[in-house]
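*Asks:* I'd like to ask you about the structure that follows.
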């Protein structure tokens with residue numbers, strides 16, 4: 001079945017994940033306001049920024065690093081686990097990002113940052129993390145509730161970008177964020193459920209249906225490729241993988257020769273107009289080589305002038321592709337029973 005009509009999407013998407021994706025521009029603007037109201041003091045952190053979080057809550061830091069790119073003046077690192085990087089010190093800002101405020105890895109990172117004496121900032125809807133932050137007089141960026149953590153990407157991205165500016169890890173791109181939000185609105189209308197049936201998001205979902213998706217990025221699009229992979233995992237409940245160029249050209253490219261004997265794969269390469277010319281050529285040659293091995297390949301271009309516009313255009317596209325993949329399989333894209341079961345098993349220990 002390839003029905004991706006608005007009626008079919010609405011019938012399968014019972015928790016209305018589509019609305020959360022399409023509201024990404026509003027989330028970004030609201031996040032700017034929420035950071036402002038948090039009145040976070042500018043404190044220079046010579047050792048940079050660590051964004052501590054898991055899953056959808058860590059994706060904001062991952063994408064923020066891609067958006068800032070070469071404009072970063074200090075290290076911007078991710079911490080996906082219970083411990084912080086060994087180099088974290090009192091001259092580091094640690095943004096503890098947990099949508100629910102109950103993520104045990106992020107709570108551990110919060111405590112570790114306090115022991116080290118690092119400056120802490122929290123982005124959350126509440127929970128134990130907010131309680132600890134209030135008790136410790138740690139500034140809180142209050143994230144809007146009622147969303148799946150992965151659907152709060154606009155909030156988490158802006159929180160990370162603004163915190164990076166507040167600790168001296170990058171220049172402020174406040175105005176660019178606002179313009180990027182406006183840039184996403186016509187794209188959302190074009191690719192959303194009310195858009196044309198042959199729109200790019202629907203077309204890519206049909207291309208990937210029944211196949212194991214492998215999403216490949218380069219430079220700024222590498223973190224976006226990972227975002228596509230995780231969205232497909234959670235929304236469509238199917239395996240998906242990501243890779244990064246040029247590294248994949250030194251190993252993974254060899255594996256495609258044997259892909260046909262293992263299963264049905266499909267590759268999407270995420271291209272960006274600002275990529276290094278040699279990276280662009282690598283992407284094109286890589287696509288040709290994979291296709292020569294009999295694997296279906298698509299190259300997808302980012303849209304926009306600024307880096308944040310281009311990155312977020314691909315994020316929105318990937319979020320909708322994952323949503324439509326779920327609809328094609330008749331799967332409600334919101335529930336994540338495997339994650340819920342894992343958390344329940346851990347809490348029982």
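Throughout, read-outs are computed from the coordinates displayed, never taken from laboratory work. This is a predicted model, so every value here is computed, not measured. Because the Cβ atoms are built from the backbone with ideal geometry, glycine has one as well, and the counts that use them run over all protein chains shown.
*Asks:* How big is the range 105-220 by Rg and Dmax over its Cα atoms, in Å?
*Replies:* 18.9, 54
*Asks:* Quick one: compute a quarter of the convex hull surface over the Cα atoms of the range 17-178 and quote it in nm². Please report the intermediate quantities before stating the final value.
*Replies:* Working: hull surface 32.4 nm².
Seen from a random direction, the Cα hull of the range 17-178 projects 8.1 nm² on average.
*Asks:* If you don't mind, there's one more thing I want to ask. Evaluate the Debye formula for the range 299-349 with equal point scatterers sitting on the alpha carbons, no solvent, and hand back log10 of I(q)/I(0) at q = 0.17, 0.20 Å⁻¹, in q order, two decimals.
*Replies:* At q = 0.17, 0.20 Å⁻¹ the computed log10 ratios are -0.70, -0.77.
*Asks:* Shape verdict for the range 34-119, please, from the Cα gyration tensor: rounded (a/c under 1.5), prolate (a/b greater than b/c) or oblate. Before the final figure, lay out each step's value.
*Replies:* Values: a/c = 1.26, a/b = 1.13, b/c = 1.12.
Verdict is rounded for the range 34-119.
*Asks:* Can you give the Kirkwood hydrodynamic radius of the chain from its Cα pairs, in Å with one decimal? Display every interim value, and only then the final one.
*Replies:* On the way: mean 1/r = 0.0486 Å⁻¹.
Computed over the chain, the radius equals 20.6 Å.
*Asks:* Just order 76-88, 155-167, 254-266 by mean Cβ neighbour count inside 10 Å, highest at the front, would you?
*Replies:* Details: 76-88: 17.4, 155-167: 27.9, 254-266: 13.3.
The most tightly packed comes first, giving 155-167, 76-88, 254-266.
*Asks:* Nearest 10 degrees is fine. How inclined is helix 307-328 to the longest principal axis of the chain, computing both from alpha carbons?
*Replies:* Computed tilt is about 60 degrees.
*Asks:* Cα centroids of the range 1-58 and the range 113-141: how far apart, whole angstrom?
*Replies:* The two parts, judged by their Cα centres, are 20 Å apart.
*Asks:* Where does helix 56-68 land angle-wise versus the long Cα axis of the chain, in degrees 0 to 90, nearest 10?
*Replies:* 90 degrees
*Asks:* As I understand it, the value is the acute angle between the Cα axis of helix 153-166 and the longest principal axis of the Cα atoms of the chain; what does it come to in degrees, rounded to 10?
*Replies:* Around 40 degrees separate the two axes.
*Asks:* When ranked by the protection proxy of mean other Cβ atoms within 10 Å per residue, highest first, what sequence do the peptides 111-118, 43-50 form?
*Replies:* Values: 111-118: 16.0, 43-50: 19.6.
Sorting 111-118, 43-50 by mean packing, highest first, produces 43-50, 111-118.
*Asks:* Semi-axes of the equivalent ellipsoid for the range 208-349, please: Cα gyration tensor eigenvalues, times 5, square-rooted, ordered largest first, whole Å. Each step should come with its number before you reach the end.
*Replies:* Working: eigenvalues 146, 75, 41 Å².
Listed largest to smallest, the semi-axes of the range 208-349 are 27, 19, 14 Å.
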